[in-house]
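To start, the structure itself, in structure tokens.
The values are calculated or read from the model by the stated rules, or taken from the named source; none is laboratory data. Small disclaimer: the values here were computed from a predicted structure and weren't measured. Neighbour counts run over all protein chains shown; Cβ positions are idealised from the backbone, glycine included.
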Amino acid sequence: MGLYPKVEVNHPSGLPEHPHGNVFYVNYQEGTDTTKWKQGTKASRPFETITYALAQCSDDDNDIIYVTTVTQLDTQPVIINKRAVQIIGLPNNMPGYANQARCWMYPDAHVLGGVFTISAGDVVIKNMMLWGTAGQPCIDFGVEATGVRQVISQCSFHAGSYGVMTGPAANQPSHYLGIIDNHFGPTLSTGGILHASNGSWPVIADNFFESISMPNISVTGGMAGGRIHNNTFMLPADSTVGGAIDLALAPTRWWVTDNKANDASNDALTANPYRDLGVDNAWAGNVVGGDGFTEQDPA
């Protein structure tokens, strides 16, 4: 065996696998919603809908649902009501799907709704391209989403009101929400992220906001201890105070660092894209427009 044991990697998502967890596959174009003949347990024998796959999952087992190719939503929104479930767009290195960079999910044009409502704790959504509908966020949270460590990562958001919206109910979701390494596209009509939950210690980091409605990140809840770090904002205009990050009401002890904001020019912005109406928040290293580094305090 040598000095180092061989490490088997069964799930290229990089996420942990529970020893009792199941792996399911969904393909709207090729799948069938039945459990006969072990349907859904192989990429070659997928389920048709995410809702059916969720019904086969168990709470707290870290079940994984891989969604392959383009998928039309079976219901809107899809209610994620099982704890510790991971929904992942099929990675590039899965056999037979080398050209699928991420799963593309889109709504039925005749049904009004978002893409996902997270109504359980410890849910992961990763590597998805999500197209919402007018007036609805692509991802929001139900009042049952009180578990910790919800993660939304490596997704791209289009055509909804917001990409991600939390609250307004307290603890919807609760603590340690992570919105990390996502793309918020220019067809979002209202903003990128609206965070109105009272859950503490969220992390909003490494996201790119591309010419979407302002403010791009709006924090309106009373939560504490959040971090907004290393996000990049291409603003649609130099016109809105707080257009990139707006701590609008009473958040406290937030750490806002190393974010970069500009419009489609190399000139320094005249309207400060950062606004802070909260209490005891710390700002450091944030860049505002133009070439090089410009330190500006929040308005």
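In a residue-by-residue description of region 7-22, the property of being modelled with pLDDT under 85, surrounded by fewer than 20 Cβ atoms within 10 Å (Cβ to Cβ) and in contact with a His (Cβ under 8 Å, 6 or more places away or on another chain) applies to at least one position. The residue list 106, 97 contains one member that is closer than 30 Å to residue 30 by Cβ, touching a Phe, Trp or Tyr at 6+ places or on another chain (Cβ under 7 Å) and at pLDDT below 75, which is 106. Is it fair to say residue 220 is of a type in the set (S, T, N, Q) and out of contact with any strand residue (DSSP E or B) (no Cβ under 8 Å at 6 or more places or on another chain)? Criteria not met by residue 220.
Taking first residues from region 241-252 that are part of a loop (DSSP other than H, G, I, E, B) and partners that are surrounded by 24 or more Cβ atoms within 10 Å (Cβ to Cβ) and aromatic (Phe, Trp, Tyr), the Cβ contacts under 7 Å between residues at least 6 apart in sequence or on separate chains come to 242/274; 244/233; 244/274. Which of the residues that make up region 177-197 are under 17 Å from residue 252 (Cβ atoms) and either at pLDDT 90 or above or surrounded by fewer than 18 Cβ atoms within 10 Å (Cβ to Cβ) (or both)? Within region 177-197, 177, 195 meet the criteria.
The combined condition, being surrounded by fewer than 18 Cβ atoms within 10 Å (Cβ to Cβ), at pLDDT 90 or above and of a type in the set (Ser, Thr, Tyr), is not fulfilled by residue 156. Tell me yes or no: at least one residue of region 204-217 is touching a Ser or Thr at 6+ places or on another chain (Cβ under 9 Å), surrounded by fewer than 23 Cβ atoms within 10 Å (Cβ to Cβ) and among the aromatic types (Phe, Trp, Tyr). Yes; the residues of region 204-217 include at least one that is touching a Ser or Thr at 6+ places or on another chain (Cβ under 9 Å), surrounded by fewer than 23 Cβ atoms within 10 Å (Cβ to Cβ) and among the aromatic types (Phe, Trp, Tyr). A single entry from 261, 237, 271 fulfils the requirement of being more than 16 Å from the chain's Cα centre (by Cα), part of a strand (DSSP E or B), among the aliphatic types (A, V, I, L, M) and over 22 Å from residue 168 (Cβ atoms): 261.
Residues being among the small types (Gly, Ala, Ser), modelled with pLDDT of 90 or more and more than 17 Å from residue 198 (Cα to Cα) are represented in region 261-274 by at least one member.
Against the definition (aliphatic (A, V, I, L, M) and over 20 Å from residue 280 (Cα atoms)), how does residue 193 come out, yes or no? The answer is yes for residue 193. Of the numbered criteria (1) modelled with pLDDT of 85 or more; (2) touching a Leu at 6+ places or on another chain (Cβ under 6 Å), the one residue 289 fails is (1).
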